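Visitor: Once you've had a glance at the structure underneath, I'll fire off some questions.
The values are calculated or read from the model by the stated rules, or taken from the named source; none is laboratory data. Quantities reported herein were computed from a predicted structural model and do not represent experimental measurements. Positions of Cβ are generated from backbone atoms using ideal geometry, with glycine treated the same way; all protein chains shown enter the neighbour counts. These area figures cover heavy atoms from the full protein model, side chains too; ligands, DNA and RNA do not enter into them. Shrake-Rupley method; radii C 1.70, N 1.55, O 1.52, S 1.80 Å.
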Amino acid sequence: MIRRAGHAVNDTLGPAVVAEIASFEGFDTRLARDNVVSWGGDPELFDRFFASAIDLDRSESTTEQLLPHTVLTLASLAAWRSGVLDLRQDALGRLTEALDSGSVADSVLASALGLQASEMSDFVRCQAESPFGWPARGTGEVVVARVGGFRGLGGPWTAPPASAEQLSTDGDFLITLADGELWRLEADIFGTRLSRAEPGTDPETERPAAPPASGAWPTRLAVFDTSYIAWLVLGQAA
């Protein structure tokens, strides 16, 4: 079986049929979807989680029209959930504000992230510790994501990864391929971004500022000389 790149949080998602989401006053849903694509997210995941949250809010709300800040909050959460790394801080800020104010139901916020309402407080706590924080952590080492792949099968690489160096605890890794090419990986629980790297590149210059990750969520990137896939693995705290 050929292993493809992807995130573990998406592995158990079943198929979903999502109707086209209408735009709202002051919010262009189609433009938001296009932006998700240009920012590296998965448009089908965005549609899935945004539509789910919107539908749930409509069914539970006593108002006929969704409030603009509710739409923006759900769109930000769904876009982050679809893999847009650079929206993590914005999404978490909106999530915390909505939870503190009670302006959006916990079940609606959870739906935009693919969680249960009962998991929200734990999720926020975990994310305050690490970009890989997730309520359903499990025991032992847990695969967070599979990255890379052979270019002939849709991946980015023409040689397998030979080694990986952790640049920070916030999900940055430097990957050296067997042919000497250098690649940088940026990642969190929902998304990854691979880009070519040059020797001496400062890993902190291109990424938005974020609190340092907690040592309670140690990560490593496992590579094997028989595979073009690198495995992002979450371990147990020492």
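Visitor: Applying the selection to segment 66-98, what residues are closer than 16 Å to Gly133 by Cβ and either more than 16 Å from the chain's Cα centre (by Cα) or of a type in the set (Ser, Thr, Tyr) (or both)?
Guide: Selection gives Thr96 alone.
Visitor: Among the candidates Thr70, Thr96, single out the residue that is open to solvent by less than 50 Å² (accessible area, probe 1.4 Å) and more than 15 Å from Ile189 (Cβ to Cβ). Before you say what the answer is, go through the steps one by one.
Guide: On the way: Thr96 fails: open to solvent by less than 50 Å² (accessible area, probe 1.4 Å).
None of the other options fit; the residue is Thr70.
Visitor: What about Gln127, is it touching a Lys or Arg at 6+ places or on another chain (Cβ under 9 Å) and either surrounded by 17 or more Cβ atoms within 10 Å (Cβ to Cβ) or assigned to a helix (DSSP H, G or I) (or both)?
Guide: Working: touching a Lys or Arg at 6+ places or on another chain (Cβ under 9 Å): yes; either surrounded by 17 or more Cβ atoms within 10 Å (Cβ to Cβ) or assigned to a helix (DSSP H, G or I) (or both): yes.
Here the answer is yes, as Gln127 does meet what is asked.
Visitor: Let me ask something else. Which of the residues belonging to segment 130-140 are over 21 Å from Gly83 (Cβ atoms) and open to solvent by less than 60 Å² (accessible area, probe 1.4 Å)?
Guide: Taking segment 130-140 as the starting set, the residues that turn out to be over 21 Å from Gly83 (Cβ atoms) are 138-140.
Gly138, Gly140, listed by residue number.
Visitor: Can you tell me how many residues in segment 1-31 are under 26 Å from Gly171 (Cα atoms) and either open to solvent by 90 Å² or more (accessible area, probe 1.4 Å) or not in a loop (DSSP other than H, G, I, E, B) (or both)? Working first, answer last.
Guide: Residues of segment 1-31 that are under 26 Å from Gly171 (Cα atoms), as a first pass: 2-13.
Still in the list and also either open to solvent by 90 Å² or more (accessible area, probe 1.4 Å) or not in a loop (DSSP other than H, G, I, E, B) (or both): 2-4, 6-12.
Counting residues in segment 1-31 that are under 26 Å from Gly171 (Cα atoms) and either open to solvent by 90 Å² or more (accessible area, probe 1.4 Å) or not in a loop (DSSP other than H, G, I, E, B) (or both) gives 10.
Visitor: I'm trying to understand the selection: among the residues of segment 7-31, which are modelled with pLDDT of 85 or more and in contact with a Ser or Thr (Cβ under 9 Å, 6 or more places away or on another chain)?
Guide: Scanning segment 7-31 gives His7, Thr29, Arg30, Leu31.
Visitor: Gly41 versus (1) assigned to a helix (DSSP H, G or I); (2) within 26 Å of Ser195 (Cβ to Cβ): which is the lone unmet condition?
Guide: (1)
Visitor: Need the failing condition index for Thr192 against (1) open to solvent by 40 Å² or more (accessible area, probe 1.4 Å); (2) under 22 Å from Arg125 (Cα atoms); (3) at pLDDT below 90, just the number.
Guide: For Thr192, the failing item is (3).
Visitor: Among the residues of segment 47-65, is there at least one that is within 30 Å of Ser227 (Cα to Cα), in contact with a helix residue (DSSP H, G or I) (Cβ under 9 Å, 6 or more places away or on another chain), buried (at least 17 other Cβ atoms within 10 Å of the Cβ) and charged (D, E, K, R)?
Guide: The answer is no, given that none of the residues of segment 47-65 is within 30 Å of Ser227 (Cα to Cα), in contact with a helix residue (DSSP H, G or I) (Cβ under 9 Å, 6 or more places away or on another chain), buried (at least 17 other Cβ atoms within 10 Å of the Cβ) and charged (D, E, K, R).
Visitor: Checking Ser168 against (1) among the hydroxyl-bearing types (Ser, Thr, Tyr); (2) at pLDDT below 85; (3) open to solvent by 40 Å² or more (accessible area, probe 1.4 Å), which single condition isn't satisfied?
Guide: The single condition Ser168 does not satisfy is (3).
Visitor: Got a sec? Which of Val104, Val147, Val108, Val143 is open to solvent by less than 20 Å² (accessible area, probe 1.4 Å) and in a strand (DSSP E or B)?
Guide: Values: Val104 fails: in a strand (DSSP E or B); Val108 fails: in a strand (DSSP E or B); Val143 fails: open to solvent by less than 20 Å² (accessible area, probe 1.4 Å).
None of the other options fit; the residue is Val147.
Visitor: Checking Gly152 against (1) open to solvent by 30 Å² or more (accessible area, probe 1.4 Å); (2) of a type outside the set (Ser, Thr, Tyr); (3) over 19 Å from Thr12 (Cα atoms); (4) under 16 Å from the mean Cα position of the chain (by Cα), only one condition comes out false. Which one?
Guide: Result: Gly152 fails condition (4) only.
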